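Contents: one structure, followed by commentary.
The values are calculated or read from the model by the stated rules, or taken from the named source; none is laboratory data. Note that the structure is predicted; figures quoted are calculated from it, not measured. Neighbour counts are summed over all protein chains in view; Cβ atoms, including those assigned to glycine, are modelled from backbone coordinates with ideal geometry.
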Amino acid sequence: MGRYLIHKLASLVPVLLGISLAAFVLGVLSLGDPAELALSQGGYEPTQEQIQAMAHQMGLDAPYPVQYLRWVGRALTGDLGDSYSSRMPVAQELGRRLPVTLKLAVCAMALACAGGLLLGCTAAAFRGRWPDRLIQAVLNLQLSIPAFWLALLLILLFAETLGWLPTSGNGGLRYMILPASVLSSATMATAARLTRSSLLAELGRQYCTAASARGIGRWRLVLRNALPNAIVPVVALLGNSLGGMLGGSVIVESIFALPGIGSYALEAINNRDYPALQGYVLLTGAVYVAITLLVDILSMLLDPKVRLGGRKI
């Protein structure tokens, strides 16, 4: 296991370097002069001397490799620069907004896990019957509806028509139901389909056939015999989807007015606030890599047959 972890950590170093390089290049290739953008917020028109002084202060007169190394060095200490629009440290803004996005992602993941496993197990238990066909139709509908359209439909039904749930704000769990439902919809459908196919593959194996011949009930066969062996790919899918939820919550946070890092990134794009956007890319990339590592470790613990270099761990 120690060798496996060392190998995984070593393989993640180039990925992290690539993410940092992509975030840095995002600022380099952006339109406009960063020094001028930093000075011209609020309609102020800086002079050429002020722009040159700001460029020197920001280190923009140094070669790109030097700028990159300086930026990475500051990022390693938690300094992601200051936002052009708010004049606040980007790291501080991201730290203030990250709990909202984490709460949204955790709620969405809970819905995706519960719904995906329940629908997948039910479809596998009633393979070829009307519950299976109904679930398949619902899953296809979930995968075909865009997130923004689903959000508007849920707001119209549960908020405007029925008045059961709030449409915006960051309060208790009631405020998370609609956005978490939207964010988890596609992941839930994908997890349900993968659970169904994995369970059907396990149910066709000899040990499940023997257990069924001994008179074990359908649900006990699915939940106690087949599911523990079929859940490994589902865990990997859900774990990787969690990283995608953290980085893909921009639309949901914008529609439901949630002050998370997704809405912060959208504001940065609208304001051409490149330090904020660079910090967002770096943070979400690092979180995704960390989640991927945890999923690999969990999959290894759930499946003893995980191998590395042809040898058992």
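Quick test of your reading of the structure: Gln48 fulfils all but one of (1) exposed (fewer than 14 other Cβ atoms within 10 Å of the Cβ); (2) closer than 30 Å to Ser185 by Cα. Name the failing condition by number.
(2)
Where residues in segment 138-183 are among the aliphatic types (A, V, I, L, M) and part of a loop (DSSP other than H, G, I, E, B), which of them is farthest from the chain's Cα centre (by Cα)? Explain how you work it out, then say what you get.
First, the residues of segment 138-183 that are among the aliphatic types (A, V, I, L, M): 138-139, 141, 143, 145, 147, 150-157, 159, 162, 165, 173, 176-178, 180, 182-183.
So of that shortlist, the ones also part of a loop (DSSP other than H, G, I, E, B) come out as 145, 162, 165, 173.
Working: Ile145: 19, Leu162: 31, Leu165: 24, Leu173: 20 Å.
So, considering only residues that are among the aliphatic types (A, V, I, L, M) and part of a loop (DSSP other than H, G, I, E, B), the one farthest from the chain's Cα centre (by Cα) is Leu162.
Scan Ala226, Ala213, Ala230 and give me the residue that is surrounded by fewer than 18 Cβ atoms within 10 Å (Cβ to Cβ) and either over 30 Å from Val100 (Cβ atoms) or hydroxyl-bearing (Ser, Thr, Tyr) (or both).
Values: Ala226 fails: surrounded by fewer than 18 Cβ atoms within 10 Å (Cβ to Cβ); Ala230 fails: surrounded by fewer than 18 Cβ atoms within 10 Å (Cβ to Cβ).
One residue alone meets the criteria, Ala213.
Considering (1) closer than 20 Å to Trp149 by Cβ; (2) within 23 Å of the chain's Cα centre (by Cα), say which one Asn240 fails and leave the rest.
Only one criterion is unmet by Asn240, namely (1).
Going through segment 213-237 one residue at a time, which ones are more than 13 Å from Ala125 (Cα to Cα) and either under 32 Å from the mean Cα position of the chain (by Cα) or among the hydroxyl-bearing types (Ser, Thr, Tyr) (or both)?
Passing the criteria: Pro228, Asn229, Ala230, Ile231, Val232, Pro233, Val234, Val235, Ala236, Leu237.
In the list Leu277, Leu238, which residue meets the criterion of being under 30 Å from Val28 (Cβ atoms) and assigned to a helix (DSSP H, G or I)?
Numbers: Leu238 fails: under 30 Å from Val28 (Cβ atoms).
None of the other options fit; the residue is Leu277.
Checking the condition more than 19 Å from Leu102 (Cβ to Cβ) and either touching a residue at least 40 places away in the same chain (Cβ under 8 Å) or loosely packed, with under 13 Cβ neighbours inside 10 Å (or both), which residue from Ala159, Ala186 passes? Working first, answer last.
Numbers: Ala159 fails: either touching a residue at least 40 places away in the same chain (Cβ under 8 Å) or loosely packed, with under 13 Cβ neighbours inside 10 Å (or both).
Checking each option against the conditions leaves just Ala186.
Being among the aromatic types (Phe, Trp, Tyr) and in contact (Cβ under 8 Å) with a residue 60 or more places away in the chain is the requirement here; does Phe148 meet it?
On the way: among the aromatic types (Phe, Trp, Tyr): yes; in contact (Cβ under 8 Å) with a residue 60 or more places away in the chain: yes.
The answer is yes for Phe148.
Looking at this structure, is Leu246 modelled with pLDDT of 80 or more and in a helix (DSSP H, G or I)? Before you say what the answer is, go through the steps one by one.
Values: modelled with pLDDT of 80 or more: no; in a helix (DSSP H, G or I): yes.
So Leu246 does not fit the description; no.
Residues in segment 60-89 that are in contact with a helix residue (DSSP H, G or I) (Cβ under 9 Å, 6 or more places away or on another chain) and surrounded by fewer than 12 Cβ atoms within 10 Å (Cβ to Cβ): how many?
Looking only at that region, the number is 3.
Among the residues of segment 251-271, is any in a helix (DSSP H, G or I), charged (D, E, K, R) and surrounded by 20 or more Cβ atoms within 10 Å (Cβ to Cβ)? So that I can check it myself, show each step before the final result.
In the first step, residues of segment 251-271 are kept if they are in a helix (DSSP H, G or I); the result is 251-255, 261-271.
From what is left, the residues that are charged (D, E, K, R) are 253, 267.
Of the ones still in play, those that are also surrounded by 20 or more Cβ atoms within 10 Å (Cβ to Cβ) are 253.
So far as segment 251-271 goes, yes, one or more of its residues are in a helix (DSSP H, G or I), charged (D, E, K, R) and surrounded by 20 or more Cβ atoms within 10 Å (Cβ to Cβ).
Given the condition more than 19 Å from Gly115 (Cβ to Cβ), surrounded by 15 or more Cβ atoms within 10 Å (Cβ to Cβ), among the hydrophobic types (A, V, I, L, M, F, W, C) and in contact with an Asp or Glu (Cβ under 7 Å, 6 or more places away or on another chain), answer yes or no: does some residue in segment 197-205 qualify?
no
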